[in-house]
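Shown below is the structure under consideration.
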Amino acid sequence: MELKNTVAVITGANRGLGRHLAAQLVERGAKVYGAARRPEAVDVPGVIPLRLDVTDEASIQEATRVASDATLLINNAGISTGVTLIRGDVAEVRREMETNFFGPLAATRAFAPVIEGNGGGAVLNVLSALSWFHPAGLGSYAASKAAAWALSDATREELAPRGITVSALHVGYMDTDMAAGVPADQKVAAADVAAQALSGIETGLPEILADETSRYVKQSLSAAPQPNAG
């Protein structure tokens, strides 16, 4: 997909990876709608602020009316509550699933006919190495990203006949607020991840593995699970 003159909608564009994606798309000649719950927080030069809350169907539908020329949807908005599946607050588990799975699903369902009507295009879902690796301490987040991986695979097949490609971006620790407590030498720069993601969209990669962690975990999927000690 040629990114020059693309019309992109990026959820969570006010900070972190979303902000870098927005800035780099503008540099490549795209028209960019930077979507956020508080559009006034989107201050990237050349980016059009757009109100969109991925957990609010009405705001998603309104966003499709404003960004009626969209050809690229980047589902970047997400949260990490840090709760476990057994002892964690189930309300937080539900909130994480609503944002990280049902949010991208709702946005994709709403924008698919828009993108198709504009001649086709692409969807990028920002996932994680935890789509495949599921530590107990991050059970809720990992479950939501595993579900979003399945979402990516299923919608890729469903949307292909409509001229829409679907890519999934996987990364381990990235230098954003979500990984603020992780040592710097274990994190990859968000700008580098954004550049890899956009290159992957251009070449139509179904999965974009942005760092060594995601590549290692993906390669380990065929390994047999090890029993717990005790």
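So which helices (runs of 4 or more DSSP H) stay within the stretch 56-131 end to end and still have 3 or more residues that are more than 27 Å from Ala142 (Cβ to Cβ)? Step through it out loud before you land on a result.
On the way: elements: 57-66, 90-97, 103-117.
In the stretch 56-131, the matching helices (runs of 4 or more DSSP H) lie at 57-66, 103-117.
Among the charged types (D, E, K, R) and open to solvent by less than 70 Å² (accessible area, probe 1.4 Å) - does that describe any residue in the stretch 69-79? Full working, then the answer.
First, pick out the residues of the stretch 69-79 that are among the charged types (D, E, K, R): 69.
Restricting the remaining residues to those that are open to solvent by less than 70 Å² (accessible area, probe 1.4 Å) gives 69.
The answer is yes, given that some residue of the stretch 69-79 is among the charged types (D, E, K, R) and open to solvent by less than 70 Å² (accessible area, probe 1.4 Å).
Please work out which residue is nearest to Phe133 (Cα to Cα), limiting yourself to the stretch 195-222 and to residues that are of a type in the set (A, V, I, L, M) and in contact with a strand residue (DSSP E or B) (Cβ under 9 Å, 6 or more places away or on another chain). Don't jump to the end; show me each part of the working.
Step one: list which residues in the stretch 195-222 are of a type in the set (A, V, I, L, M), which gives 195, 197-198, 201, 205, 208-210, 217, 221.
Add one more test, that the residue is in contact with a strand residue (DSSP E or B) (Cβ under 9 Å, 6 or more places away or on another chain), and what stays is 197-198, 201, 205, 208-210, 217.
Details: Ala197: 21, Leu198: 24, Ile201: 24, Leu205: 21, Ile208: 16, Leu209: 14, Ala210: 16, Val217: 7 Å.
Once the filter is applied, the top-ranked residue is Val217.
Moving on to the next point. Among residues belonging to the stretch 23-60 that are within 18 Å of Glu2 (Cβ to Cβ) and open to solvent by less than 20 Å² (accessible area, probe 1.4 Å), point out the one that is farthest from the chain's Cα centre (by Cα). It would help to see each step written out before you state the result.
Just the residues of the stretch 23-60 that are within 18 Å of Glu2 (Cβ to Cβ), to begin with: 24-32.
Next cut, open to solvent by less than 20 Å² (accessible area, probe 1.4 Å) only: 25, 30, 32.
Details: Leu25: 15, Ala30: 19, Val32: 16 Å.
Once the filter is applied, the top-ranked residue is Ala30.
Could you please find all residues in the stretch 2-22 being of a type in the set (A, V, I, L, M, F, W, C) and surrounded by fewer than 17 Cβ atoms within 10 Å (Cβ to Cβ)?
Restricting attention to the stretch 2-22, the residues satisfying the condition of being of a type in the set (A, V, I, L, M, F, W, C) are 3, 7-10, 13, 17, 21-22.
None - no residue of the stretch 2-22 is of a type in the set (A, V, I, L, M, F, W, C) and surrounded by fewer than 17 Cβ atoms within 10 Å (Cβ to Cβ), so the list stays empty.
Within the stretch 1-20, which residues are over 11 Å from the mean Cα position of the chain (by Cα) and part of a helix (DSSP H, G or I)?
Of everything in the stretch 1-20, those that are over 11 Å from the mean Cα position of the chain (by Cα) and part of a helix (DSSP H, G or I) turn out to be Gly16, Arg19, His20.
The values are calculated or read from the model by the stated rules, or taken from the named source; none is laboratory data. Please read these numbers as outputs of a predicted model, since none were measured by experiment. A quick note on method: Cβ atoms are made from the backbone with ideal geometry, for glycine too, and the neighbour counts reach across all protein chains shown. These accessible areas exclude ligands, DNA and RNA; they are computed on the full protein's heavy atoms, side chains included. Shrake-Rupley method; radii C 1.70, N 1.55, O 1.52, S 1.80 Å.
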